[in-house]
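Enquirer: Here it is, the structure in full.
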Amino acid sequence: MATRELSAQDFESVVTAPGITLVDWWAEWCGPCRAFAPVFEAASEAHPEITFAKVDTEAEQALSGAAGIRSIPTLMAFRDGVLVFAQPGALPAPALEQVISAVEGLDMEKVFAELEKQEAEAPQQQ
């Protein structure tokens, strides 16, 4: 599956969909972004079951700000609508494969249970 460009209009619907979505935050002028692009594209070809998406931080400045992007490239991984990984920096192919394997191996029942626990405790901490 090829990578797709995301904008503010479709970002939320894509990252909250069931399954895994990897998002590469990048800009044309960014050398490390250009170096990471073929690694990200190759992974998208190797993992057609995963949604691979890119956000151009220059074109989508408001979205980038809302997502807290401070450095590019930044890779985010969402699974079943939950942000489960975020890290700035261009990853080599083996490291990207490790991220993919880790996200695939998550026990989402435990993740959702932990999120519910955190939400339940949040009002008590105020």
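The values are calculated or read from the model by the stated rules, or taken from the named source; none is laboratory data. Model, not experiment: these values are computed from the prediction. As a convention, Cβ positions derive from the backbone with ideal geometry for all residues, glycine included, and neighbour counts pool all protein chains shown.
Enquirer: Just give me the residues in the stretch 97-115 being more than 29 Å from S71 (Cβ to Cβ) and exposed (fewer than 10 other Cβ atoms within 10 Å of the Cβ), in sequence order.
Expert: Those that are more than 29 Å from S71 (Cβ to Cβ) and exposed (fewer than 10 other Cβ atoms within 10 Å of the Cβ): D107, E109, K110.
Enquirer: Shifting gears a bit: Report yes if L96 is touching a strand residue (DSSP E or B) at 6+ places or on another chain (Cβ under 8 Å) and in a helix (DSSP H, G or I), otherwise no. Working first, answer last.
Expert: Values: touching a strand residue (DSSP E or B) at 6+ places or on another chain (Cβ under 8 Å): yes; in a helix (DSSP H, G or I): yes.
So L96 passes the test.
Enquirer: Kindly indicate whether any position in the stretch 77-96 is among the hydrophobic types (A, V, I, L, M, F, W, C), closer than 16 Å to R4 by Cβ and surrounded by fewer than 20 Cβ atoms within 10 Å (Cβ to Cβ).
Expert: Of the residues in the stretch 77-96, the ones among the hydrophobic types (A, V, I, L, M, F, W, C) are 77-78, 82-86, 90-91, 93, 95-96.
Subsequent filtering for residues that are closer than 16 Å to R4 by Cβ retains 77-78.
Adding the requirement that they be surrounded by fewer than 20 Cβ atoms within 10 Å (Cβ to Cβ) leaves none.
Checked the stretch 77-96: no residue is among the hydrophobic types (A, V, I, L, M, F, W, C), closer than 16 Å to R4 by Cβ and surrounded by fewer than 20 Cβ atoms within 10 Å (Cβ to Cβ).
Enquirer: Pairs under 8 Å by beta carbon, first residue without any contact (Cβ under 8 Å) to a residue 40 or more places away in the chain in the stretch 52-66, partner in a strand (DSSP E or B) and among the aromatic types (F, W, Y), six or more apart or different chains?
Expert: Partner pairs satisfying both residue conditions: T57/W25; T57/W26; S64/W25.
Enquirer: What is the one condition in (1) in contact (Cβ under 8 Å) with a residue 40 or more places away in the chain; (2) aromatic (F, W, Y); (3) outside any strand (DSSP E or B) that F112 does not satisfy?
Expert: It is condition (1) that F112 fails.
Enquirer: Now for a separate question. How many residues, within the stretch 50-65, are out of contact with any helix residue (DSSP H, G or I) (no Cβ under 9 Å at 6 or more places or on another chain) and loosely packed, with under 14 Cβ neighbours inside 10 Å?
Expert: 4
Enquirer: Take the conditions of a type in the set (G, A, S) and assigned to a strand (DSSP E or B) and apply them to A86. Does it pass?
Expert: Working: of a type in the set (G, A, S): yes; assigned to a strand (DSSP E or B): yes.
Criteria met by A86.
Enquirer: E58 fails exactly one of the following numbered conditions: (1) within 17 Å of the chain's Cα centre (by Cα); (2) outside any helix (DSSP H, G or I). What is the number of that condition?
Expert: With (1) within 17 Å of the chain's Cα centre (by Cα); (2) outside any helix (DSSP H, G or I) applied to E58, the lone miss is (1).
Enquirer: Quick one: is E12 acidic (D, E), over 21 Å from Q98 (Cβ atoms), part of a helix (DSSP H, G or I) and at pLDDT 95 or above?
Expert: Working: acidic (D, E): yes; over 21 Å from Q98 (Cβ atoms): yes; part of a helix (DSSP H, G or I): yes; at pLDDT 95 or above: yes.
Yes: the conditions hold for E12.
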